[in-house]
Number of protein chains: 4
Amino acid sequence: MRFFSDNAATAHPKVLEAIAQANRVDTAYDGDALSARLDDAFSDIFETRVRAFWVTTGTAANCLALAALCPPYGGILCHRDAHIEVDEAGAPAFFTAGAKLILLDGPGAKIAPAIVDAACDGIRKDVHQVQPAAVSITNATEYGCVYRAGEVAVLGELARSRGLSLHMDGARFANALVTTGDSPADVTWRAGVDALSFGFVKNGGLNAEALILFDSSIADEIAIRRKRAGHLLSKGRFLAAQILAMLEDGLWLANARAANAAAQALAVAAPQRLVYPVEANEVFLQVSADENARLRAQGFDFYDWGPGEIRLVTSWDQESDDVALLAAAISAL
Amino acid sequence: MRFFSDNAATAHPKVLEAIAQANRVDTAYDGDALSARLDDAFSDIFETRVRAFWVTTGTAANCLALAALCPPYGGILCHRDAHIEVDEAGAPAFFTAGAKLILLDGPGAKIAPAIVDAACDGIRKDVHQVQPAAVSITNATEYGCVYRAGEVAVLGELARSRGLSLHMDGARFANALVTTGDSPADVTWRAGVDALSFGFVKNGGLNAEALILFDSSIADEIAIRRKRAGHLLSKGRFLAAQILAMLEDGLWLANARAANAAAQALAVAAPQRLVYPVEANEVFLQVSADENARLRAQGFDFYDWGPGEIRLVTSWDQESDDVALLAAAISAL
Amino acid sequence: MRFFSDNAATAHPKVLEAIAQANRVDTAYDGDALSARLDDAFSDIFETRVRAFWVTTGTAANCLALAALCPPYGGILCHRDAHIEVDEAGAPAFFTAGAKLILLDGPGAKIAPAIVDAACDGIRKDVHQVQPAAVSITNATEYGCVYRAGEVAVLGELARSRGLSLHMDGARFANALVTTGDSPADVTWRAGVDALSFGFVKNGGLNAEALILFDSSIADEIAIRRKRAGHLLSKGRFLAAQILAMLEDGLWLANARAANAAAQALAVAAPQRLVYPVEANEVFLQVSADENARLRAQGFDFYDWGPGEIRLVTSWDQESDDVALLAAAISAL
Amino acid sequence: MRFFSDNAATAHPKVLEAIAQANRVDTAYDGDALSARLDDAFSDIFETRVRAFWVTTGTAANCLALAALCPPYGGILCHRDAHIEVDEAGAPAFFTAGAKLILLDGPGAKIAPAIVDAACDGIRKDVHQVQPAAVSITNATEYGCVYRAGEVAVLGELARSRGLSLHMDGARFANALVTTGDSPADVTWRAGVDALSFGFVKNGGLNAEALILFDSSIADEIAIRRKRAGHLLSKGRFLAAQILAMLEDGLWLANARAANAAAQALAVAAPQRLVYPVEANEVFLQVSADENARLRAQGFDFYDWGPGEIRLVTSWDQESDDVALLAAAISAL
């Protein structure tokens, strides 16, 4: 039973259907009819005009955005455990031509405004030290914690006051939203976010993610950088189709609700073992090596997150029986 | 009727089927069962052990290879009309961190050995001039011309003697092979090719291309660079599935034969108008502005290739009726 | 007798004196009293407020400017024989993170407006092709030809109308000015130049060049990029001292006049052999291999510029006897 | 009285003399007679064949070395307070095209082998995390602490066993050597160092540093990268002359001894205030804001190193009276 990663989950049948239906001749690259609908579709969701770009990975979405928001000689403030720092093979440095990730601490991989302030204040304002140009936050975070709209707004105000851009890595954006109940607009552009990596692949998509720009002044640059990075697919309609299918009738939110509910079912089974509050679809538990082995012996697959800690990730397609079995197994430890 | 681009064509139904069948839980990234079969599958085709990497675009395949074959301070000899020079938005410079494309002339976008020699000889051997480190050829070329195995072998020998790596952009590799009858092995590694961008998307694929390494010493680096460029998809099995479907029972060759046959049907309709010999699935014709307009008025869509010249590209799924109509229309001009 | 390169010449005694006088304790980097005088000194010369940065090489000056004027994904229009293309080891690609030099033809390594126009018009306005962002011209050119203020102004107007920045490589700026009689202002910012690499080393300096910004909005970025490229010397006062010495009492102009006069003395010795008009301190002559050998046998050292052509470069410190001897030797061929 | 920075010190008169004597016509760039002597001169000092390159800054020396020792996608282990991390404006990322500095802790800015081991062990061996490729240590460190030959040897052995290159930033190499008494060979190549940034400017030089390669296989690449970074000066003989003057009769060691002695004189004045052991020419003292003000009121200039801490740097040319006055002032606090 797989609790290893939402990257390992299946694609939603409607996504596959949409791909099949997109299998007709159309203009190449992003000139097709489906791709042309993306701006409108996301503008509806965000209640403002946005520019939307399909890409195939969160790394591409994150790093294209950062490259437009931070010059090669600038710094990007992010959490020490952020995906862009830990799990993207240095892609931010590649896409930005050498910008520096300035690492911040904070519980649950969340960044507190005071930490951002302190980091900025600690940098001499001269040419010898890399000056920050952007902040990147992850929502939900790598530890399944969420930022509420109000929290983002404080960071957004702080960023603006210091002349910093604000990027949100939303690989699990849907999972955050269904927890907080915030509107997509409130937690992003109304809170000062300039660009959002809007994840679909962990949430039922096949291989399409979206980069949403609230600051349309960088749209042309993003279009060029996407091509230059080899991320402008020639049959882009198959990506657009996936995204539109996910957006239709709120499938993206329904999927996230399913995944989050599964996580909650696990969380309540062992509240005393939780390393972080469970606010999305990830559950981090303290388990001994022996307990770990016992869970594995029962057929549960998950990620060892350092000694004495495991990560369980639930997906939109998680079998409820599996969840119940694992919840029981955890309780029984 | 579309003769605009093979990028606009449909995906083959077997490719879609394969995607649907790959929609099961499996390990993320390229750790899945399908991705694990790629090395073997391509090794069979090339009659030697190769390493194969899926990516989603030819630009990614080309530029990952070039980044591994050429240092940032090196030069890559290629034709002036090569895709990497003309149509990839400077991606080679991005992926290589600044390597220089050294542009060569030659009919049909083919590079002759003497031109490579002359270019190398014209570069002073000092630190002030960029020294060549690699050669990149396209087969079939941007003008639909092909390199025979013997021609590649001469270039390969030349490259080796000068310490240069050899890359082949095979966006239309299948189209070249079915024309020449050369074996995949003969026109690549036996002829000195170090890395091949093996195209599928123009030939019935959906969004999967392959990068084939005959020099396995760069495989680890390619794996890292693919991730770093945001090209390691988390559900890679959907790419592997496409490629395996294309390879099964020689679908890739059958598709190319169909596309090439359509091109031949057009070529014979106007032999006196051909700008280049038609050796793959592209037909470049001399037509006046008036003739151009007449063709368009009959519903044919194609690319204007400079004044007085048009490009017709045929695809694996080209309707034979459309081809016959266009052939007749051309004859009737 | 050396006619090989003005890079091989001596430093002017006043430059050495200035270095010796700068040998006192002062603030490090460019915080010293001498460096602080540069903006004013160059502002006087250019009759407008400019920002001036010392660097140690023309390559650094050129490429720092280009990095600020052109994004990584942009193109820089320059002559095919420009120093930045031919003799800087790909430094523009390094500093800009991959911008593309778009090469233009033109006699004497000068760029004509029509050629710039044609090049721009030949680039499709899409994301597949690299879009130009800047023009770089060299004055005096690599072949010792000069742009008059009016010529630059036409290029400047053209650049502005197309949204391109304009950079001037003035490694031999002084040599150009003393020929044309143009004012420094007229041939630069009044003609639309945004940044000038103002050369001193070929003209009597030791190891200090200046980068002059007429567009002060990029000054902060240039300061950072200079540091980041390892070009912010810790005892910068020794560079500032050189530059101030060169500027004092017009030494830079006097030196250029001396070098140009020597070139003219050679030019008049063989008007029929001149490959280009002699407008600065370089003389390109057609000489046979046999004639070449005879000159060398008499002790003259120069650069073979391809078959049948030689380059003579005169310097500020050229011995008039040497010049007379060479002029006579050329006449006698 | 200046205790602010050794970068603010004067150049040694013999260095100026050497520059004056180098003011003759010679081959440009590094083809001159003086530059040609560097390899031999440093080979003598290091008791093995080395390759030596002049550059004008420590940043250039450090980052050229790192670019050759670490691929763009690799990591460089260094201390959190290393100059390359803190004070070079991100130059390592620029020169390496995006390599990552992996930051280590340790007292006195020294790296302990166990810390290196732990850092390496903490990195998953997959393509998602940046894999280390090099270690960079500073000797003497940013806090004036030194590595003995035996300590470097342990790090060197560790680096070798993990496949990492080893770079030493020796901006204050001489100051370290005169303290430990180690031979240049013992503390570098015999201990596993591949490349050394050999500092002169803080030690009486004017604007010449040296990059020493013990691994000559990267020499050609370094030569190219130096040019490409704009660091190949056209009158390089003036840099070579400085270095040769510093090496002659051990001037570099004598200067370092003078600077270190001055630091010792200050250290003994306030042993209880020392933040770090004084092993080179830097003295870090705990002083209150009030004490700080009293010292400044007496005319002493120094660097505030965070609250309650000051940095005093002594130079080769430090006036002994000034040192005595400052020592007395500190004692009197």
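Details
- Size of charge dipole - segment D:175-333 - debye, nearest 20, with Cβ of Lys, Arg +1 and Asp, Glu -1, no other charges: 500 debye
- Of the trypsin sites (Lys or Arg not before Pro) found in segment D:213-280, none is in coil by DSSP with at most 15 other Cβ atoms within 10 Å of its Cβ.
- Positive-end residue of A:Gly306, A:His167, A:Pro184, charge dipole of chain A with Cβ unit charges: A:His167
- Of all residues in chain C, the one whose Cβ lies closest to the rotation axis carrying C onto A, together with that distance in whole Å, is C:Ala97, 2.
- Using only side-chain charges placed at the Cβ, +1 for Lys and Arg and -1 for Asp and Glu, the dipole size of the protein assembly as shown relative to its Cα centre rounds to 0 debye.
- Histogrammed with a bin width of 10 Å, the alpha carbon distances of the protein assembly as shown distribute as 2, 9, 16, 20, 20, 16, 11, 5, 1, 0, 0 percent, first bin at zero.
- Prolate/oblate/rounded label for chain B (Cα gyration tensor, a/c 1.5): oblate
- Ranked from shortest, the separations from the 7 Å Cα-to-Cβ label point of C:Trp305 to its equivalents in the other copies are 4.0, 5.6, 6.9 nm.
- With the whole protein complex present, D:Thr59 retains an accessible surface near 10 Å², based on a 1.4 Å probe.
- Backbone HN-Hα couplings from phi across segment B:108-119 [Karplus 6.51/-1.76/1.60, Hz, Gly and Pro as x]: x, 6, 9, 9, 8, x, 5, 6, 4, 4, 4, 4
- Across segment A:26-179, the relative contact order, built from alpha-carbon pairs under 8 Å that are at least six residues apart, equals 21 percent.
- Under the combined filter of DSSP loop state and at most 16 neighbouring Cβ atoms within 10 Å, segment C:1-63 retains these trypsin sites (Lys or Arg not before Pro): C:Arg24, C:Arg49.
- Shortest-first nm distances, D:Ala36 label point to equivalent points in other copies (7 Å, Cα→Cβ): 4.5, 6.3, 7.0
- HN-Hα J in Hz across segment C:88-96 - Karplus 6.51, -1.76, 1.60, θ = phi - 60°, x for Gly and Pro: 10, 6, x, 4, x, 5, 5, 5, 8
- For D:Asp117, inter-copy label distances in nm, listed shortest first [label point 7 Å out on the Cα-Cβ vector]: 4.3, 5.9, 7.3
- Placed amide H near B:Thr138: partners under 5 Å, 5+ positions off or other chain: B:Asp169
- For segment C:156-171, 3J(HN,Hα) computed residue by residue from phi via the Karplus equation (6.51, -1.76, 1.60; θ = phi - 60°) reads x, 5, 4, 4, 4, 5, 9, x, 9, 7, 10, 10, 10, 7, x, 3 Hz, glycine and proline entered as x.
- Across segment A:109-267, Cα pairs under 8 Å and at least six residues apart give a relative contact order of 19 percent.
- Size of electric dipole in chain D: Cβ of Lys, Arg +1 and of Asp, Glu -1, about Cα centre, debye, nearest 20: 560 debye
- Between A:Ala195 and A:Leu166, A:Met168, A:Phe214, the built amide H atoms are under 5 Å apart, and every one of these is 5 or more places off in sequence or on another chain.
- Loop-resident GluC sites (Glu not before Pro) (DSSP state other than H, G, I, E or B) in segment B:31-139 with no more than 16 further Cβ atoms inside 10 Å of their Cβ: B:Glu47.
- Amide hydrogen neighbours beyond the local backbone of B:Lys100, cut-off 5 Å, H modeled: B:Gly74, B:Gly75, B:Ile76
The values are calculated or read from the model by the stated rules, or taken from the named source; none is laboratory data. In this text the structure is predicted, and so the values were computed from the model without any measurement. So basically every Cβ, Gly included, is an ideal-geometry build from the backbone, and we count neighbours across all protein chains shown. When the accessible area is computed, the model is the full protein with side chains, heavy atoms only, and any ligands, DNA or RNA have been set aside. Shrake-Rupley method; radii C 1.70, N 1.55, O 1.52, S 1.80 Å.
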